[in-house]
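**Q** Have a look at this one before I ask anything.
The values are calculated or read from the model by the stated rules, or taken from the named source; none is laboratory data. Please read all numbers here as calculations on a predicted model, not as lab measurements. Cβ placement follows ideal geometry from the backbone for every residue including glycine, while neighbour counts extend to all protein chains displayed. For the accessible areas, the whole protein counts, side chains as well, though only heavy atoms, and no ligand, DNA or RNA atoms are used. Shrake-Rupley method; radii C 1.70, N 1.55, O 1.52, S 1.80 Å.
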Amino acid sequence: MSEGSRGHSVAFGQVVIGPPGSGKTTYCHAMREFLTQIGRRVSVVNLDPANEALPCPCELDIGQLITLPDVMGSLGLGPNGGLLYCMEYLETNVDWLQEKLEGLKGHYVLFDCPGQVELYTHHNSLKNVFAHLTKWNFRLAAVHLVDSHYCTDPGKFISVLCTSLSTMLHVELPHVNILSKMDLIEQYGKLAFNLDYYTEVLDLSYLVDHLASDPFFRNYRRLNEKLVEVVEDYSLVSFVPLNVQDKESMQQVMQAVDKANGYSFGDQEHRSLEALMSAAVGADFHFSSTLAVQEKYVQSQDKAVEEEVMDL
């Protein structure tokens, strides 16, 4: 897939990133099935050398080049150091990836990436691999998955915001942040605010106040205030809720990603002028969709509100 041969062939795709256990591999295969049903030719590329038990076959596997167990065994490295070495090895042998991707011309490609956070916050190997993909005329969007149940813990949600912002600034790709596993959002607790507060990242001072009600975090109030100031000053982070078993939810994510990587504005699929203009101006009524998601997955807190009024 030399730069000359790729000069007139544009490919679209997603690089699926996020912390371990956030559902990246599940997302890749669910999105492949969803996109295949609407007529796209989709391929999954596994770039995670630690992902040995793939639930479904993929068209290209980094395991053909290097695996984490081999690196750990031969170099005596731990899992974290071994994974960094694997990514540096991939960057050094990027010609191998270029040659293998040659067979996926005309496909919409989903890149399933490793789950080590520092690969996306300050390590440069994967970032450089993404840059090579862009040079090869791949139009990519980074899809960053985080577990939705972090919304129920203010401290963890602030950490998620900081990690998401750092990732967006470091990876340097069009970015879509996803709250995954929406059906499990209240598995570990209740939301303190409506769902749109978390998806749109509204006034975070309320979150700091809520966090300060915990005696442990009260001593760190100034630190939390400075952290949310950074997030609000950049004003880049927002989230799209996702349940991979819900087709409407998958469609919302697909539309957001298609706008991010430019697929919506191409001619790969037949689309009406109304659909194209909707994508161009963002008229997807995000608030209404978020409200529908909240009604589906979040238990009503009317009783709790009434109890608070009585307490007052």
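**Q** When you look at C86, is it within 29 Å of Q187 (Cα to Cα) and not aromatic (F, W, Y), yes or no? Steps first, answer last, please.
**A** Details: within 29 Å of Q187 (Cα to Cα): no; not aromatic (F, W, Y): yes.
Judged against the criteria, C86 is not a match.
**Q** Among the listed residues E88, E102, identify the single one that is of a type in the set (D, E) and at pLDDT 95 or above.
**A** From the options E88, E102, the qualifying one is E88.
**Q** Let me ask you something else. C162 fails exactly one of the following numbered conditions: (1) outside any helix (DSSP H, G or I); (2) more than 23 Å from D258 (Cα to Cα). What is the number of that condition?
**A** Condition not satisfied by C162: (1).
**Q** Suppose we filter V208, V201, V176, V231 for residues that are β-branched (V, I, T) and in contact with a His (Cβ under 8 Å, 6 or more places away or on another chain); which single one remains?
**A** Of the residues listed, the single one that is β-branched (V, I, T) and in contact with a His (Cβ under 8 Å, 6 or more places away or on another chain) is V176.
Quick grid of which residues meet (1) under 22 Å from S22 (Cβ atoms); (2) open to solvent by less than 30 Å² (accessible area, probe 1.4 Å); (3) out of contact with any helix residue (DSSP H, G or I) (no Cβ under 8 Å at 6 or more places or on another chain):
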residue: L54; (1), (2), (3): yes, no, no
residue: I66; (1), (2), (3): no, yes, no
residue: L90; (1), (2), (3): yes, yes, no
residue: H107; (1), (2), (3): no, no, yes
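**Q** Search region 177-198 for residues being in contact (Cβ under 8 Å) with a residue 60 or more places away in the chain and open to solvent by 10 Å² or more (accessible area, probe 1.4 Å), and hand back the single one that is nearest to A131 (Cα to Cα).
**A** It comes out as K181.
**Q** Which one of the conditions (1) surrounded by 12 or more Cβ atoms within 10 Å (Cβ to Cβ); (2) modelled with pLDDT of 90 or more; (3) not in a loop (DSSP other than H, G, I, E, B); (4) not hydroxyl-bearing (S, T, Y) does Q294 fail to meet, given that it meets all the rest?
**A** Among (1) surrounded by 12 or more Cβ atoms within 10 Å (Cβ to Cβ); (2) modelled with pLDDT of 90 or more; (3) not in a loop (DSSP other than H, G, I, E, B); (4) not hydroxyl-bearing (S, T, Y), Q294 violates only (2).
**Q** Looking at region 81-92, I want the residues that are among the charged types (D, E, K, R) and have a partner that is open to solvent by less than 20 Å² (accessible area, probe 1.4 Å) and part of a helix (DSSP H, G or I) with Cβ atoms under 6 Å, at least 6 apart or on another chain. Which pairs are those?
**A** Final answer for the pair search is E88/S125; E91/S125; E91/V129.
**Q** Exactly one condition in (1) closer than 24 Å to V176 by Cα; (2) at pLDDT 70 or above; (3) surrounded by fewer than 16 Cβ atoms within 10 Å (Cβ to Cβ) is false for D214; which is it?
**A** Single failed check for D214: (1).
**Q** Quick one: would you say L77 is touching a residue at least 40 places away in the same chain (Cβ under 8 Å), more than 30 Å from N243 (Cα to Cα) and not acidic (D, E)?
**A** No.
**Q** Answer with yes or no whether E232 is assigned to a helix (DSSP H, G or I) and touching a residue at least 24 places away in the same chain (Cβ under 8 Å).
**A** yes
**Q** Exactly one of these conditions fails for V171: (1) in contact with a Leu (Cβ under 6 Å, 6 or more places away or on another chain); (2) crowded, with 19+ Cβ neighbours inside 10 Å. Give me its number.
**A** (1)
**Q** Taking S9 as the residue in question, decide whether it is over 19 Å from V117 (Cβ atoms), in a loop (DSSP other than H, G, I, E, B) and more than 19 Å from the chain's Cα centre (by Cα).
**A** Answer is yes for this residue.
Each row is one residue, and each column tells you yes or no for (1) without any contact (Cβ under 8 Å) to a residue 60 or more places away in the chain; (2) of a type in the set (F, W, Y); (3) open to solvent by 40 Å² or more (accessible area, probe 1.4 Å).
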{"residue": "Y27", "(1), (2), (3)": "no, yes, no"}
{"residue": "S43", "(1), (2), (3)": "no, no, no"}
{"residue": "G63", "(1), (2), (3)": "yes, no, no"}
{"residue": "D70", "(1), (2), (3)": "yes, no, yes"}
{"residue": "L110", "(1), (2), (3)": "no, no, no"}
